[in-house]
Amino acid sequence: MKYLVSSLLFILFFAPQATLCQNRTAKKEKSASSRNENWIPLFNGKNLDGWILKVTGYEAGENPLDGIRVEDGIIRFDYSRFDKFDGRFSHLFYKDRFSSYILRVEYRFTGEMLADAPSYCFRNSGVMIHSQSAESMDIKQNWPVSLEAQLLGSTETRKQKTANICTPGTTVSIGGTPTSQHCINSTSKYYNDGEWVTLDILVHGGKDIYHVIEGDTVLSYSEPRLGGYLFPQGYPVPEGTLLEEGYIALQGEGQPIDFRKIEIKILTEDQE
């Protein structure tokens, strides 16, 4: 992969933020997520205005076979027009960077994954946070450098936790201890096909991050940094850099999934 090392690109990826308060509890975070005031919709329910797609093997903005589209007020990752997956991992990025916020997303899994998609893509998607931009990804890059709130669905024969953490090109600390483990399971319940699930991600810059499913905190971690598994060679920001902000993206991996009601609440200083 080829990346241009420049201060402009550094600004595009991650601008430093003010130091945030520490020692927050999951109970406090869950309470904050229930507030209804000051929510900003990121999805207008009509089209993909404000979003940009990046698919492996394509330039940012290209949408092969119109696989990601809006229907009936829902963003659909739909592969019905595809003969095969052919490694076309996709990520739909919102146009702005964010640092401290609560992100709320409703999602559901529908249908079967494409036959040639990797086996781990079964009922598998994700919401990427603190991500690099769509435009900065290499054309052959499968996943952006980011933190992934991994979304997994269950069936009668296969049970999978959701709102896990995966770390493409990043590392985190669990319970204050750094870990190089790529994916870590949450304590969530199991959710089946067609069932709408509400995910809240509570993000405090480069400090604490919480995954909340249906009002229950199922995972927490802290100190996200660049590095580890899938960290690209020649990346323009040094390994070990604390991630304090980045882009948000929705993921498609050959498994049909719907998203709706995507909204954000920016956390002010008194809420941190």
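What nm value, rounded to one decimal, do you get for the distance between residue 47 and residue 135 when each label is placed 7 Å out toward the C-beta?
Once both label points are built, they end up 2.0 nm from each other.
Starting from the amide H of residue 216, placed 1.01 Å from N in the peptide plane, find each other amide H under 5 Å away whose residue is 5 or more places distant or on another chain.
For residue 216, no residues qualify.
Just from its helices, what would the mean residue ellipticity at 222 nm be for the chain, if runs of 4 or more DSSP H residues each count -39500 (n - 2.57) and the sum is divided by every residue, rounded to the nearest 500 deg cm²/dmol?
Per the formula, -1500 deg cm²/dmol.
Once you have the Cα-Cα distance between residue 62 and residue 263, take 0.36 nm times their residue separation minus that, and quote the gain in nm to one decimal.
On the way: separation 201, 0.36 × 201 = 72.36 nm, distance 2.44 nm.
Here the answer is 69.9 nm.
Using a basic spin-label model with each label point 7 Å from the Cα along Cα→Cβ, how many nm lie between residue 231 and residue 192?
4.3 nm
Work out, step by step, the length gained on full extension between residue 181 and residue 120: first 0.36 nm times the residue separation, then minus their alpha carbon distance; give nm to one decimal.
Gain in length upon complete extension: 20.3 nm.
Largest first and to the nearest Å, give the Cα extent of the stretch 7-271 along each principal axis.
The Cα atoms of the stretch 7-271 stretch 49, 40, 35 Å along their principal axes.
So for the stretch 49-114, taking the charge dipole from beta-carbon charges (+1 Lys/Arg, -1 Asp/Glu), which of 55, 105, 87 sits furthest toward the positive end?
105
May I ask you to sort 268, 162, 187 by Cβ crowding, counting other Cβ atoms within 10 Å and putting the fewest first?
268, 187, 162
Taking trypsin sites (Lys or Arg not before Pro) as candidate sites, keep only those in a DSSP loop with at most 11 other Cβ atoms within 10 Å, then name the longest stretch of the chain containing none of them.
Within the chain, the longest run free of exposed trypsin sites (Lys or Arg not before Pro) spans 159-272.
Give 84/261; 159/189; 46/265 a once-over and call out the pairs whose C-alpha atoms are over 18 Å from each other. All intermediate terms of the calculation are to be shown ahead of the outcome.
Numbers: 84/261 29 Å; 159/189 9 Å; 46/265 21 Å.
Over 18 Å Cα-Cα: 84/261; 46/265.
Would you calculate the separation in nanometres between label points at residue 82 and residue 239, each defined as 7 Å from the Cα along the Cα-to-beta-carbon direction?
Each label point lies 7 Å from its Cα, and together they span 3.1 nm.
Every number here is computed from the coordinates shown, using simple stated rules; none is lab data. All values reported here derive from a predicted model rather than from experimental measurement. Please note: Cβ atoms are built from the backbone with ideal geometry, for glycine as well, and neighbour counts cover all protein chains shown.
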